[in-house]
Amino acid sequence: MDFELSAEQAMLKDSVERFIQDNYAFSQWQALAGSDLGYSANNWKTFAEMGWLMLPFAEENGGLGGSVVDVAVVTEALGAGMTLEPLMSSVLLGGKLVEYLGDEIQKEAILGAVAEGTKTLALAYGEPAARFDLSFAETRARKSEAGYVLIGRKSVVLHAASADGLIVIARTAGEADDVAGISAFLVEPDAPGLRCQDYPLVDGGRASDVFLADTPAELLGEEGTALAALQRVIDEATCAVCAEAVGAMGWVLEVTKDYTATRNQFGKAIGDNQVIQHRLVDMFTAVEEAKAITDMTVMRVAEGAENASAQVSAMKAKVGEAARFVGAQGVQLHGGIGMTDEYPIGHYFKRLMALDVMFGDTAHHLNRFAETV
Amino acid sequence: MDLQFSDEDLAFRDEVRAFLKTNLPANLLDRSDRGLHPIKEDIEAWQKSLHKKGWIAPNWPVEYGGTGWSLTQKYIYNREYFLSGAPQTIAFGLNMVGPVIYTFGTEAQKNEYLGDILASNTWWCQGYSEPGSGSDLASLRTKAERDGDDYVINGQKIWTSFAQHADMMFCLVRTNTECKPQEGISFILIDMNTPGIEVRPIIGLDQDHTLNEVFFENVRVPAQNLIGEENKGWTYAKYLLGHERNIIARVARSQYQLARLKKIARLERRGTGLLIEDNDFRRRIAKVEVDLMALEAMELRYLSQDIAGKKLMAEPSVLKIRGAEIAQAIKTLTVEALGPYGMVYEAEDQLTMRNDGPLGPDYAHGAMADHLYQRAATIYGGTNEIQRNIIAKLILR
């Protein structure tokens, strides 16, 4: 039992923190969030050069063979900077699904480029009616002589607009809510019958709704086998998201402590009031809980524990609740300035809100965990 | 104890309800439903039609243009108003400075301003908060120095809602620094077109422009614009704060928003069923509804005490705390109802440039806009922490 970072992990953490210091001042974040692309192509090169994009892939696939724990070390440090680059969509979602599901030719063709950052992927798994249920899919795949075509709509696909390739989850058999019959497909961004409606997210990110009308697609791996791999990818990505939230919450706590120590009202710092101190203590406690359950879960998932999915839901429920609380109190304790676009705290509140929603909100995961009670 | 309203009151309720149903403009309701602030021209036109009906200022004394309604009727009117989904009338003239002027102003000031406030010919803004003076408002430093027939004003206000639209500002200024902070404040009316005033926008979390900073550099304001006596401004400001009680709990507005949340939950699909069929989600709607029922019961009980002539002390702060918390809980649940679309948000100016329809369901944008904006509900008008201090002082002695 050891919650401490290894020497390699500590170095990894340092390198990400240095990157944030040098590249993610709030003014830089604002410029990127407001840009057309929504992130920095230069930063993305750095992500590749530092090996962060290779980290989670197995060595035989051109990766560094890093574990879920290693990835969490990176995303927690990135969380403090509210980074915008598509690590999640391209590597942890798209790339990992190819790694778990693709045949050797597909892995060979795709993973090297993803790990080098020269190709980005987006994973279209959600649908309007599915909410957070991975097995619910109305999007269908039809087999024709020329191959498969897809018909349907996928929702809130992260970074679809800038992706060089889409992976679309669609049904090859069964009814919309059947657990069996889920497949994954590769779709070219310029494929006929594909339309993306692009939009910003509340936290400065980018996403699209993807409309498929007889869009040609290449089956990823084998038909009807995608669900288990998708669940594994989402579970692992949820670990990364929770670590990111822990990093963002830590930032909120530090900044709010500083602000309440320097903001004077009634002749003293507002942080001298016990009510403010207790609120900060509650925030601190929430961050500690979130950090601990995230570390524990990430380690369990990394060692391949049997009930990993339930453990992941427990973590997400706890971290989601903490994220909401810490984000909202960060704004509250900043008062008016917390409500402004020009000050960072409100953006961290929004990022934490988005991280709560991503891959299932607190209520979803609490219900999912409740099934194991 | 009796919960029933009289037949006259019920007839009055029906009259109000019918008027609002017939006359509330659809575009105003639509923007309000979508969580967007009304456009200046639209809300002015709507206030003018309420003025024509004679209902624009129920709380004003009849001699100044009020309705002469009983406390119960005022309650019923406010309730029906917000249950109709109508956006709140702009409070700065009607609910704030108007009552200060007819209570403490000179005849000349009453003649000059009250008519235009009732007719919505002038848009007012509130110059209270300063960068260093939020909760501790009395520490304000914007200075007014007497020079002949004028005051010369220098300083800065912040969080000034809708100052970009305003013709006039009612403003707290420091006229004496050699005394307790509260005793050196004056209440003055400033024409926003006076040279030396600069209004700078503050963009909010919702990426909308409602807030502003207002800078004063040697702004000359006629001394006749002073309300009451010099250095007595704190008294008038406190009077004004006590005057917003009837809308502080926002029960009816929250009931309207709760009904909207239920409507969304009935539209949102959840697998092969609907979100409203999800027991857990329904239970959480129920929890907010129970809280809201208790809030309504408190409001009614306090109204009854008010009618009976009992002076209310801590009660308005109780209503403000719970009213704000419940409004926020409803907004949070409404965004949660959107599922993954709860991550999506696009500023209104981008949204209206779209030519291919809204993203996600058409209620998504407003749900998030309102959720973000309502984070301020526990901050403005005295934070919930300050409200708790007020209650503690009043009940723990």
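Read-outs: derived from the displayed coordinates by stated rules, not from any lab. All values reported here derive from a predicted model rather than from experimental measurement. Please note: Cβ atoms are built from the backbone with ideal geometry, for glycine as well, and neighbour counts cover all protein chains shown.
Look at the stretch B:277-289: the mean tally of other chain Cβ atoms within 10 Å of its residues' Cβ atoms is 1.
Here the Debye sum runs over all C-alpha atoms of the protein assembly as shown as equal scatterers in vacuum, and log10 of I(q)/I(0) at q = 0.05, 0.07 Å⁻¹ comes out as -0.29, -0.57. Ranked by the mean number of other Cβ atoms within 10 Å of their residues, highest first, the peptides A:148-161, B:128-141, B:305-318 fall in the order A:148-161, B:128-141, B:305-318. Counted over the range B:7-89 with a bin width of 5 Å, the fraction of Cα pairs per bin, in whole percents, is 3, 14, 25, 26, 18, 10, 4, 1. Percent of Cα pairs in the range A:1-128 per distance bin of 10 Å, from zero to the largest separation: 12, 42, 33, 12, 1. Ranking B:Tyr345, A:Ala322, A:Gln274 by Cα position along the charge dipole of the protein assembly as shown, where only Lys, Arg, Asp and Glu carry charges on their C-beta atoms, puts A:Gln274 farthest toward the positive end. Size descriptor for the range B:249-395, Kirkwood hydrodynamic radius: 17.0 Å (Cα pairs only, one decimal). Put a plus charge on the Cβ of each Lys and Arg, a minus charge on the Cβ of each Asp and Glu, and nothing anywhere else: the dipole of the range B:124-231 about its Cα centre is then about 160 debye. Take each residue of peptide A:328-338, count the partner chain Cβ atoms within 10 Å of its Cβ, and average: the result is 5. Ranking B:Pro131, B:Tyr77, B:Gln164 by Cα position along the charge dipole of chain B, where only Lys, Arg, Asp and Glu carry charges on their C-beta atoms, puts B:Tyr77 farthest toward the positive end. Computed over the Cα atoms of the range A:83-185, the ratio of the radius of gyration to the Kirkwood radius (Rg/Rh) comes to 0.97.
Residues whose amide H lies under 5 Å from that of B:Asp150, counting only those 5 or more places away or on a different chain, are B:Ala223; hydrogens are built 1.01 Å from N in the peptide plane.
Computed over the Cα atoms of chain B, the ratio of the radius of gyration to the Kirkwood radius (Rg/Rh) comes to 0.97. Taking only the Cα atoms of the range B:124-231, the ratio Rg/Rh comes out at 0.97, with Rh defined as the Kirkwood radius. Per residue of B:329-336, other chain Cβ atoms within 10 Å of the residue Cβ number 2 on average.
A Förster radius of 45 Å combined with the Cβ-Cβ distance from A:Ala25 to A:Val179 puts the calculated FRET efficiency at roughly 0.45.
Relative to the Cα centre, the charge distribution of the range A:7-116, modelled as +1 at Lys and Arg Cβ and -1 at Asp and Glu Cβ, gives a dipole magnitude of about 340 debye. From largest to smallest, the equivalent ellipsoid semi-axes obtained for the range A:287-373 from the alpha-carbon gyration tensor read 29, 13, 10 Å.
Charge dipole of the protein assembly as shown (Cα centre as origin; +1 on each Lys and Arg Cβ, -1 on each Asp and Glu Cβ, all else neutral): 2680 debye, rounded to the nearest 20. The protection proxy used here, the mean number of other Cβ atoms lying within 10 Å of each residue, ranks peptides B:286-297, A:309-320 as follows, highest first: A:309-320, B:286-297. Scoring B:221-233, A:95-107 by mean Cβ neighbours within 10 Å over their residues and listing the highest first yields A:95-107, B:221-233. Comparing B:Ile227, B:Val251, B:Leu267 along the charge dipole axis of the range B:223-301, the residue lying farthest to the positive side is B:Leu267, per the Cβ-charge model. Could you work out [θ]222 nm for the protein assembly as shown from helices alone, using -39500 (n - 2.57) per DSSP H run of at least four and dividing by all its residues? Round to the nearest 500 deg cm²/dmol. One gets -15000 deg cm²/dmol as the mean residue ellipticity at 222 nm.
Computed over the range B:52-211, the convex hull of the alpha-carbon atoms projects to a mean area of 11.6 nm². Computed from the C-beta positions of B:Arg17 and A:Glu303, the FRET efficiency with R₀ = 60 Å rounds to 0.40. Distance distribution note for chain A: the fraction of Cα pairs above 35 angstrom is 23%.
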